[in-house]
Amino acid sequence: MKITPMNFSLKDIAENYRENDADNSVIGLNGRLDIRPKYQRQFVYPKDKQDAVVCSVLSDYPINVMYWVQTGVNQAGDATYEVLDGQQRLISLCRFMKEPIAIKHEGHLVTYRALRDKSIIDNYRHLVVYVCEQEKNEDDDTFRRKKLEWFETINVVGSKLTHQEIRSALCYGPWVTSAKAYFVHKDNTGSTAYSYGAQDGHPANKFLSSKNMEKTEKDEQDQKGNSDVYNRQEILETVLSWITGDGKTPGNSDAIELYMKEHQENPDARDLWNYFTSLMNWVWSLFPTYYKEMRNVEWGILYNRFHNDMTLSSAVLQPRVDELLIDTEVQKRENVWEYVLETAHETPDAHDISKEKILNLRSFTGKEFKALRSAQYLKQHGVCPVCMKRGFEESEMQGDHIIPWSKGGKTKEDNMQMICKGCNGYKLAQAYDINTAKERIAKVEGMTDSEVAALPERVTG
């Protein structure tokens, strides 16, 4: 890849400048410059930043370097280009030069048409453009990847590209174009992933979190006040991670890129859209009541694992969700839906207690219970009521529920016992009887020193 500094005037760049809302393209330099290539996000500086760019030029201040790519030649034999970095600055300047836009400069409202001396902007002397072009011995794929890697490295003015934006650029083709229409564009018609279901009062964006996206404080600042469509392809990335995932985890970056490459030349992304709509319809059919925590659920992973179970019913599942969400013992409220699906076919007598970890239930391990643990340790004389051995240090024991959560137990003082770490899993390994547990703890607390001394000592090492 060859990189060369070149000179261009803003007057020439603004010649026949046009923005096409139909395909979101932006063209300058009399048709020779693609200011918004397909891999660029559809974003323009908010008004205050646009004005700041223009004021910098009118004040004859330098603005940051721009980077372009030579893409070929036109019928007249003139080189054609696309903007790699500098899109927002060029749009800001060209709009000022071609439209009746007024900005405040040196205390006065100024338009391009009213400028007495247009040469300060037409022939702006600080415009620095580096152009890269493909070398003769370089194949198309290598050049394309180098170009985008360069973009990622030198993108010092705009927000850093996210991994999904890079993937969409590397895999650009008819499939990506279609996928963006479905999963990137935001409207209220119900025809995109953002608004799907809006006609029924539950738009899909309420169920889609961007918690995994690489957002920065600068992203939020850039988005503020911007009237154009702004996105970081978070919904597309989320759905791709679901369709490439299994029943346990979302697909990783490599899996997403592989999926996109395999579908790159497909005429549309309808398969991904059908997956998404089937997924959302499944969610709404089983869980008709909306809670804000649903936004943070990995719905695609649950769908992959459970959607073939035709015995699942909202009449059974929804009441269980409602009950768990008001249970103060549940710490991971967004995991309630996974838990009710995991335990949908359990009976009271066949409960898998290990699944309770999904809910991250309250426990006696936190700092708030330190004094209580110490007091209970002394009450028990250092004896574990499960193995009935003595001599444990407090650090060798941990707070435990006498009545487990699944039997209605709460994390409070009168429901705590101290058991040794070796017995911590005893409730998983054997049938647990609450009355026996209560009898054991009462027996230990009531022991005399001689009765404690008669117990076998705990094994060390």
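A short reminder: the numbers here are calculations on the coordinates, not readings from a lab. Worth saying up front: this structure is predicted, and the values here are computed from it rather than measured. Quick reminder, even Gly has a Cβ in these numbers, built from the backbone with ideal geometry, and neighbours come from all protein chains shown.
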Residues whose modelled amide H sits under 5 Å from the amide H of V386, counting only those 5 or more places away in sequence or on another chain, are C420
For the stretch 365-373, Karplus-derived ³J(HN,Hα) couplings (6.51, -1.76, 1.60; θ = phi - 60°; whole Hz; x for glycine and proline) come out as 8, x, 4, 4, 10, 4, 5, 5, 5
For the chain, cysteines with no other Cys Cβ under 4.7 Å from their own Cβ are listed as C55, C94, C132, C171, C387, C423
GluC sites (Glu not before Pro) in the stretch 234-333 lying in a DSSP loop, each with at most 13 other Cβ atoms within 10 Å of its Cβ, come to E265
Neighbours of L10 by Cβ distance under 13 Å: Lys/Arg at +1, Asp/Glu at -1, summed charge +2
Amide H contacts under 5 Å for Y81, restricted to residues at least 5 apart in sequence or on another chain and with H modeled in the peptide plane, are L33, D34, T71
Relative contact order as a percentage, the stretch 308-461, C-alpha pairs under 8 Å and 6+ apart, gives 21
Between the Cα axis of helix 270-286 and the main Cα principal axis of the chain, the angle (0 to 90°, nearest 10) is 40
Over the chain, the sum of -39500 (n - 2.57) across DSSP H runs of at least four, divided by residue number and rounded to 500 deg cm²/dmol, gives at 222 nm -10500 deg cm²/dmol
Residues meeting the amide H criterion for S25 (H placed from the backbone, H to H distance under 5 Å, 5 or more places apart or on another chain) are N20
For the stretch 400-406, Karplus-derived ³J(HN,Hα) couplings (6.51, -1.76, 1.60; θ = phi - 60°; whole Hz; x for glycine and proline) come out as 9, 6, 5, 9, x, 4, 5
Scattering profile of the stretch 45-147 from the Debye formula, Cα beads only, expressed as log10 I(q)/I(0) at q = 0.18, 0.20 Å⁻¹, is -0.90, -1.02
Kirkwood calc, the chain, C-alpha pairs only, radius in angstrom 27.4
Taking Cα atoms only, Rg over Rh for the stretch 225-312 with Rh from the Kirkwood formula is 1.01
Between the alpha carbon centres of the stretch 354-368 and the stretch 226-302 the gap in Å comes to 30
With DSSP loop assignment and no more than 12 other C-beta atoms within 10 Å, the GluC sites (Glu not before Pro) in the stretch 73-147 are E106, E135
Rounded to the nearest 10, the angle in degrees between the Cα long axis of helix 174-183 and the longest principal axis of the Cα atoms of the chain comes to 60
Here the relative contact order (percent) of the stretch 245-314, from C-alpha pairs under 8 Å and at least 6 apart, is 55
Helix 87-98: inclination vs the chain longest Cα principal axis, degrees, rounded to 10, gives 40
The chain: relative contact order from alpha carbon pairs under 8 Å, six or more residues apart, as a whole percent, is 11
By the mean-Cβ-within-10 Å protection proxy, highest first, 196-206, 304-314 rank as 196-206, 304-314
